[in-house]
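Asks: Below are the structure tokens for one structure; questions will follow.
Here, each number is a calculation from the coordinates, and none is a lab measurement. In this text the structure is predicted, and so the values were computed from the model without any measurement. Virtual Cβ from ideal backbone geometry, glycine too; neighbours counted across all protein chains shown.
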Amino acid sequence: MVKSLDMPTPQTLLENNAIWAANREKATPGFFKQLSAQQKPKYMWIGCSDSRVPANEIVGLDPGEVFVHRNIANQVQHTDLNCLSGVQYAVDVLNVEHIIVTGHYNCGGVEAALQSQPCGFVDNWIRGIRDNYMHHQDSFKDLSHEEMSDLMSELNVIKQVENLSHTRIVQNAWEQGKTVTIHGWIYRLNTGLIHDLKVSRNGSDDVEPVYRALPLR
Ligand code: CO
């Protein structure tokens, strides 16, 4: 049996925090004072809540450099006030230049969507992944479960990039001439490496006409 890792106590976390803050301040005097005055991140990250995919850490960004929204299976749903409020703030107020949707292989949310047994309330949340699976079901023929799960994780990211590009928030930003590029990336847990799915969108021309928020010219 594999020995479980020793989990630190909450008190240890507080002690870790004090050490981290002291080290950070020592390395860059005035770091926190400067950060507390304003945030000017260039990036918004939309990722999975999975504890193994910490946004800042895996792309080497410091506090203040990335505005983060995470939920189960990195969803961008057009009825999700939480995600859309974050996107609006990031685009309209912070003026981020890049929104990166980052999924990951071996995602519990994606795995759950591929199963036919009920998973509880979360079934509502991952319903879109099941719909997406059905939409692409021909692509899944003759694949092993691992291959299916990997492909579904990628298709899930691509779908969320599309959903994001269909929002009025992003459409309006493009119409106003703002530079906002949406990226679709995927992270492999067992290598720590991110792969660019090369499905970036940076203007209304990248969006099917039926989803464009403003009249065609
Ligand atoms: Co996940």
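Asks: I'd like to know which of 38, 117, 137 lies farthest towards the positive end of the charge dipole of the chain, counting +1 on Cβ of Lys and Arg and -1 on Cβ of Asp and Glu.
Replies: 38
Asks: If packing is taken as the average number of other Cβ atoms within 10 Å across a peptide's residues, how do 105-113, 166-174, 57-65 rank, most packed first?
Replies: 105-113, 166-174, 57-65
Asks: Using a cut-off of 19 Å between alpha-carbon atoms, which aspartates and glutamates can reach residue 33, once sequence neighbours fewer than 8 places away in the same chain are excluded?
Replies: Correct list for residue 33: 25, 62, 65.
Asks: Please sort 151-157, 183-189 by packing, taking for each peptide the average over its residues of neighbouring beta carbons within 10 angstrom, highest first.
Replies: Going from most to least packed, we get 151-157, 183-189.
Asks: State to the nearest 20 debye the size of the charge dipole of the stretch 38-211 about its Cα centre, where the only charges are +1 on K and R beta carbons and -1 on D and E beta carbons.
Replies: It comes to approximately 340 debye.
Asks: Let me check I've understood the local charge: for residue 32, count other residues with C-beta under 14 angstrom from its C-beta, Lys and Arg +1, Asp and Glu -1. What total comes out?
Replies: +1
Asks: Run the numbers on the chain and let me know its relative contact order in percent, using alpha-carbon pairs under 8 Å that are six or more apart.
Replies: RCO, the chain: 19 percent.
Asks: Related question: In the chain, what % of DSSP beta bridges are antiparallel (nearest 5)?
Replies: 20
Asks: Another question about this same structure. Okay, helix-only estimate at 222 nm for the chain: each DSSP H run of n ≥ 4 adds -39500 (n - 2.57), divide by all residues, round to 500 deg cm²/dmol; what do you get?
Replies: Helix contribution divided over all residues of the chain: -11500 deg cm²/dmol.
Asks: Using a 10 Å cut-off on Cβ atoms, rank the peptides 41-50, 15-24, 84-93 from the highest mean neighbour count down.
Replies: In decreasing order of mean packing, 41-50, 15-24, 84-93 become 41-50, 84-93, 15-24.
Asks: Under 1.5 on a/c is rounded, so check that first for the chain, then, if it is not, pick prolate when a/b is larger than b/c and oblate when it is not; a ≥ b ≥ c are the square roots of the alpha carbon gyration tensor eigenvalues.
Replies: Oblate, since a/c reaches 1.5 and b/c is not below a/b.
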